[in-house]
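Taken together, the values in this text are just the output of simple stated rules run on the coordinates, not laboratory data. Because the structure is predicted, anything quoted here is derived from the model rather than measured. With ideal geometry, Cβ positions are generated from the backbone for all residues, glycine too; neighbour counts draw on all protein chains shown.
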Amino acid sequence: MRASRRPEGVSAPRGHLRPVRDDVSGLLAHDLKSPLAAIAMNVDFALGELGPDAPASVRGALEDCRESNHNAVELISDMVDALQLASGQRHAEIGPVDAHALLEGSVQRIAADAAARGVRLMWAAEPTSVRGDAGLLDRALARLLGRALRYARPGGSIEVTLEDGTIVIRVALPEGAARVPDFEAKTQSLATHFADAAMRAQGGAVSTEVDADCALLLVVSLPT
C-alpha cells in the first residue's frame, strides 16, 4: 500500500515534535559541551608547550581562555539542570546537610578573589542542619556568591549570614558611592535562575531585594 503524503503547508502533529522538545536539554548539553571540551584540551596543550621565555601576555591570554571556557561549561550545565529540575526530569537527592559547613566552604572559595578585588568579605552562621541535596545546595550558593562578587565594588563589602534557616548575602556599596543603576535587575541571570530552580526542587527558594541602604540582598530560604 502506498503511503499517503502530507499536503504542502500542513505541519506534522505536535506529538511528533514532543520527543525532541522533551530532550532538548540533553541535545544542548551534547552539542555544546563537546566543542568546549576540545577547546579546553587545546588550550591546555598550548599552555604546556609554552617555553620559559614565552611572553607573560601570551600565557595570561591562554589562561583567560581556559577560565572563560570553564565558565561556559558551568553555564551550560546550569542551563540544562535548571530545565530538568523545572520539568521534573531531574529530582533532588534529599538527605541530611550541614548547612554551616557547606556555607563555610562556599565563602572560603571566594575569599581570595574578594580580597584581590578590594571587597571586604564577612560571614557568620549558626549551626544549622537541613534536609536537602548537598550538591545542589553547594552549586546554588556558589552561583549566588559569584554574582555577589561580580556586582560588588572595591571598597564595598559582602556580608553572608545564616540564621533561622535563611542565608542572606548582602552586597553593600562603598560608603558615599551612588547606587548602581538597575542593581537589583542585573541579578536576573542564568546563575540566579539556576540557584532558584535548585532550591525550589528541594523545598527552598531564592529572592532578591534592595534594602534601605541600597545594599543588594540575595536571600536563600533553605529546605527544612
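Counting the residues of segment 90-142 that are over 18 Å from Arg170 (Cβ atoms) and assigned to a strand (DSSP E or B) gives 8.
Looking only at segment 143-165, which residues are in a helix (DSSP H, G or I), hydrophobic (A, V, I, L, M, F, W, C) and touching a residue at least 40 places away in the same chain (Cβ under 8 Å)?
First, the residues of segment 143-165 that are in a helix (DSSP H, G or I): 143-151.
Now narrow it down to the ones that are hydrophobic (A, V, I, L, M, F, W, C): 144-145, 148-149.
Of everything in segment 143-165, those that are in a helix (DSSP H, G or I), hydrophobic (A, V, I, L, M, F, W, C) and touching a residue at least 40 places away in the same chain (Cβ under 8 Å) turn out to be Leu144, Ala148.
Scanning segment 88-114 for residues that are within 28 Å of Pro154 (Cα to Cα), among the basic types (Lys, Arg) and surrounded by 17 or more Cβ atoms within 10 Å (Cβ to Cβ) yields nothing.
Annotation note: of Glu63, Glu74, Glu67, the sole residue that is surrounded by 14 or more Cβ atoms within 10 Å (Cβ to Cβ), of a type in the set (Asp, Glu) and out of contact with any Ser or Thr (no Cβ under 9 Å at 6 or more places or on another chain) is Glu74.
The number of residues in segment 193-224 being without any contact (Cβ under 8 Å) to a residue 60 or more places away in the chain, touching a Leu at 6+ places or on another chain (Cβ under 7 Å) and either polar (S, T, N, Q) or assigned to a strand (DSSP E or B) (or both) comes to 3.
Among the numbered conditions (1) outside any helix (DSSP H, G or I); (2) farther than 30 Å from Gly155 by Cβ, the only one that Leu85 does not meet is (1). A Cβ distance below 6 Å, combined with a sequence gap of six or more or placement on separate chains, defines the contacts here; from segment 29-49, residues that are farther than 20 Å from Ile76 by Cα reach residues that are assigned to a helix (DSSP H, G or I) in the pairs Ala46/Leu62; Leu47/Leu62.
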